[in-house]
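Below: one structure, written as structure tokens.
What follows is calculated from the coordinates using simple rules that are stated; it is not laboratory data. Keep in mind that this is a model prediction, so the values were computed, not measured. Backbone-built Cβ (ideal geometry, glycine too); neighbour counts: all protein chains shown.
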Amino acid sequence: MSNLLRKNFKLCFIPLIAAFYLFALMLLIPNYIYLIPCFFTTNAIFYMFQRCVLNNDFLYTSFLPVSKRDSVKAMFILVVIIELVMLALYVPMIFLNRVAVSTPNSAGVDTSVTLIAMGFCVFSIFNLVFLPSFYKTAYKAGNSFLKASVAVFCFIFVSEGVFIAANSLGDKVGFFGWIKDHLDCWPGSAETLVPQLIVLAAAVVIFAALTMISLKRSEKNFEMVDL
């Protein structure tokens, strides 16, 4: 497995992915949808798979003394690493946003622990849709990315809509008021930090569970592909 990972980092990982990490700076834009950098990360993953297809990497890997399941696992590990790096970059940018942007985010979830939790959810949905779909053929990356993009943006629109509603209706509707006062805010006290940490823990569990489901489905799909 370590040799497969080394091969993937050398042959599959593209410098463009590092450039896409710069989109984390978008968290410094006032009143912006702060989940968009996560979507751009999925875009970079798509480019990586597309490059692998063009370079016949999956065919090359099939000639190596490794199983198809191991080759899928190695790519999954690379994808998860790419996603976790972006979420790690969110942490300093959230603190910088706290210093540079004085107003609450009216375009969706504010910079907080909840934002990182939402990022985990974005990647969960992407992994669940894109990877099993791709491994049905091991070459239709564009079609698989289109499906995943639709699913991801549906989640972004719904989740951000909830937080926008919380900002506008928080004083009138108790449910939205609780979201505004406990989840969509800076975790400056235990009253706000604890609920956000619970949401983060739930998001991590969802990310792990859906990624494992995606892995099993992808392994099964790839076993049936005749390269």
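Per-residue Karplus couplings for the range 104-111, computed as 6.51 cos²θ - 1.76 cosθ + 1.60 with θ equal to phi - 60°, are listed in order as x, 7, 8, 9, x, 5, 7, 5 Hz, Gly and Pro entered as x.
Each residue, ASN143 and ILE14, gets one label point 7 Å from its Cα in the Cβ direction; the gap between the two is 2.0 nm. Each Lys or Arg adds one and each Asp or Glu subtracts one; over the other residues with Cβ under 13 Å from the Cβ of PHE63, this totals +1. Across the options LEU5, PHE222, LEU59, the greatest Cα extent toward the positive end of the charge dipole of the chain (unit charges at beta carbon of Lys, Arg, Asp, Glu) belongs to LEU59. Length gained on full extension, ASP171 to ARG6: 54.1 nm, using 0.36 nm per residue less the C-alpha separation. Of all complete DSSP H helices in the chain, those with a Cα span along the helix axis of 15 Å or greater and a mean Kyte-Doolittle hydropathy of 0.0 or more are 36-54, 68-100, 113-134, 141-169, 190-223. Taking a sphere under 14 Å around the Cβ of PHE130 and counting the other residues whose Cβ falls inside, with K and R at +1 and D and E at -1, yields a net charge of +3.
Using the Cβ atoms and a cut-off under 12 Å, what net charge is assigned to the surroundings of GLU160, where Lys and Arg are +1 and Asp and Glu are -1?
Here the charged neighbours net out to -2.
In the range 69-122, one over the average inverse separation of all distinct C-alpha pairs is 12.8 Å, which is the Kirkwood hydrodynamic radius.
Rounded to the nearest 20 debye, what is the charge dipole size of the range 152-217 about its Cα centre when +1 sits on each Lys and Arg Cβ and -1 on each Asp and Glu Cβ?
380 debye
A simple charge model with +1 on the Cβ of Lys and Arg, -1 on the Cβ of Asp and Glu and nothing else charged puts the dipole of the chain at about 800 debye relative to its Cα centre.
Based on the Cβ-Cβ distance from ASN55 to MET212, what FRET efficiency comes out when R0 is 30 Å, to the nearest 0.05?
Step by step, r from the Cβ atoms, then E = 0.60.
Largest first, the extents of the alpha carbon coordinates of the chain on the three principal axes equal 62, 29, 29 Å. In the chain, helices alone account for a calculated mean residue ellipticity at 222 nm of -25000 deg cm²/dmol, with every DSSP H run of four or more residues adding -39,500 (n - 2.57). Taking Cα centre as origin and charging only the Cβ of basic (Lys, Arg, +1) and acidic (Asp, Glu, -1) residues, the dipole magnitude of the range 17-149 rounds to 360 debye.
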